[in-house]
Amino acid sequence: MPLVTTRQLLDEAAKGGYGVGAFNVNDMEQIQAIMEAAKETNSPVIIQASRGARQFAQDNYLFHLILAANELYPEIPIAMHLDHGNSFDTCKSAIALGFSSVMMDGSLKEDGKTPTTFEENVAVTKQVVDYAHERGVSVEGEIGVLGGIEDGHGAGGSGLEHVTDPDQAVEFAERTGVDALAIAIGTSHGAYKFTKKPDGSVLKMDLLIKIHNRLPKTHLVMHGSSSVPKDLQDIVNQYGGKLKETWGVPVEEIQLGIRNGVRKINVDTDNRLAITGAIRKVFAESPEKFDPRDYLKPAREAMQKVVATRMVQFGQAGHAGDYAPISITEIAKGYANGSLTTQPLVAAK
Ligand SMILES: [Zn+2]
């Protein structure tokens with residue numbers, strides 16, 4: 001089975017009315033955890049790698065690990081996605097490597113920290129869309145700026161400083177032709193998203209619904225959407241960790257998003273917490289152990305459990321066999337003849 005594009009995967013999710021988790025990876029165990037969870041729940045899946053992951057693992061290792069997943073689980077549609085591309089060149093190099101999908105985060109300058117102007121964002125995103133679509137590769141753009149910093153990427157701040165303006169979201173989607181649109185509704189990257197259980201004053205679900213009503217056919221993406229569950233924080237702290245109390249995005253808010261056009265949900269922090277908690281537990285309970293498999297195996301199992309739970313909660317479970325992947329060559333033809341780019345982006349008046 002060829003790698004599937006996020007465009008096809010999210011179009012199918014829209015038809016089925018569900019969301020798809022996009023899980024970040026840096027190493028083999030994380031990829032294995034995701035694939036076992038996908039098999040267990042019969043889910044299509046998006047595996048994504050940030051620039052930080054590509055530096056940590058090196059492109060060739062990462063790409064071949066995902067190809068191995070593709071060989072071992074032929075029944076599971078897998079999209080391989082670049083998370084937070086910071087420039088045209090970063091996206092181009094991911095496409096050259098074989099990624100079926102890229103994010104051009106033009107909300108920030110190439111330094112990954114400084115917010116851009118609207119026009120700068122449109123220009124660089126459109127450049128990536130033109131290049132990627134010619135090759136059948138999907139593109140996610142971002143309008144508005146998320147809070148926090150992760151993997152050295154982010155403007156910092158609370159997440160409320162640059163929430164998405166619905167008029168700009170419409171203009172951005174129309175002018176760039178992106179396949180999916182990340183919006184900023186108060187969420188942040190990393191573990192420290194909210195200082196209490198979020199309500200409408202900090203997590204702007206009303207804004208998300210407003211944007212969906214204006215762009216009913218556009219696949220929306222929620223970033224910074226780990227739920228940061230207390231039980232995972234507790235395991236880390238119980239075995240010597242020092243996490244400060246924090247709140248993520250409650251699953252029921254994500255499910256409300258899925259009912260309102262959210263098709264891709266990025267999850268990283270929850271898996272990091274699960275892995276770290278499992279490893280700390282082994283170190284604390286069995287300090288005599290030194291074979292890495294003794295702690296990597298429970299770490300992998302802990303991540304698999306989180307991923308499988310999210311797959312069920314997002315609704316992608318059970319949908320792996322719904323469709324056959326369309327090759328990027330065929331998808332490129334669809335963009336070229338207009339059948340894929342002419343989706344009605346804006347609601348009819
Ligand atoms: Zn993100």
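The values are calculated or read from the model by the stated rules, or taken from the named source; none is laboratory data. As the structure is a computational prediction, the values presented were derived from the model and not from experiment. Cβ atoms come from the backbone with ideal geometry, glycine included; neighbour counts cover every protein chain shown. Note: accessible area is taken over every heavy atom of the protein model, side chains too, but ligands, DNA and RNA are not part of it. Shrake-Rupley method; radii C 1.70, N 1.55, O 1.52, S 1.80 Å.
Looking at the range 3-33, which of the residues that are without any contact (Cβ under 8 Å) to a residue 60 or more places away in the chain and under 23 Å from Arg293 (Cβ atoms) is surrounded by the most Cβ atoms within 10 Å (Cβ to Cβ)?
Only one residue tops the list, namely Val25.
Any residue that is within 16 Å of the ligand (Cβ to nearest atom), crowded, with 17+ Cβ neighbours inside 10 Å, of a type in the set (A, V, I, L, M) and not in a strand (DSSP E or B) - is there at least one of those in the range 96-106?
no
Within the set of pairs 6 or more residues apart or between chains, which connect a residue that is within 23 Å of Pro298 (Cα to Cα) and of a type in the set (Ser, Thr, Tyr) inside the range 250-274 to a residue that is within 15 Å of the ligand (Cβ to nearest atom) and open to solvent by 20 Å² or more (accessible area, probe 1.4 Å) with Cβ atoms less than 7 Å apart?
The qualifying pairs are Thr269/Ala191.
Considering only the range 163-175, I want to know if a residue exists there that is assigned to a strand (DSSP E or B) and of a type outside the set (Phe, Trp, Tyr). Don't jump to the end; show me each part of the working.
Keep residues of the range 163-175 that are assigned to a strand (DSSP E or B), which gives none.
No, because not a single residue in the range 163-175 is assigned to a strand (DSSP E or B) and of a type outside the set (Phe, Trp, Tyr).
If Pro115 meets every condition in (1) within 16 Å of the ligand (Cβ to nearest atom); (2) surrounded by 17 or more Cβ atoms within 10 Å (Cβ to Cβ) apart from one, which number is that one?
Status for Pro115: all satisfied but (2).
Within the range 216-249, take every residue that is crowded, with 24+ Cβ neighbours inside 10 Å and either polar (S, T, N, Q) or over 30 Å from Leu296 (Cβ atoms) (or both) and give me the one that is farthest from the ligand (Cβ to nearest atom).
Thr218
Could you grab me the full set of residues in the range 260-319 that are touching a helix residue (DSSP H, G or I) at 6+ places or on another chain (Cβ under 8 Å), open to solvent by 40 Å² or more (accessible area, probe 1.4 Å) and either within 16 Å of the ligand (Cβ to nearest atom) or among the β-branched types (Val, Ile, Thr) (or both)?
Listed by number, the residues that qualify are Thr276, Val312.
Anything in the range 142-161 that is among the hydrophobic types (A, V, I, L, M, F, W, C), in contact with a Gly (Cβ under 7 Å, 6 or more places away or on another chain) and either near the ligand (Cβ under 9 Å from one of its atoms) or open to solvent by less than 10 Å² (accessible area, probe 1.4 Å) (or both)? List them, or say none.
Going residue by residue through the range 142-161, those that are among the hydrophobic types (A, V, I, L, M, F, W, C) are 143, 145-146, 149, 155, 160.
Adding the requirement that they be in contact with a Gly (Cβ under 7 Å, 6 or more places away or on another chain) leaves 146, 149, 160.
Residue satisfying the conditions is Leu146 alone.
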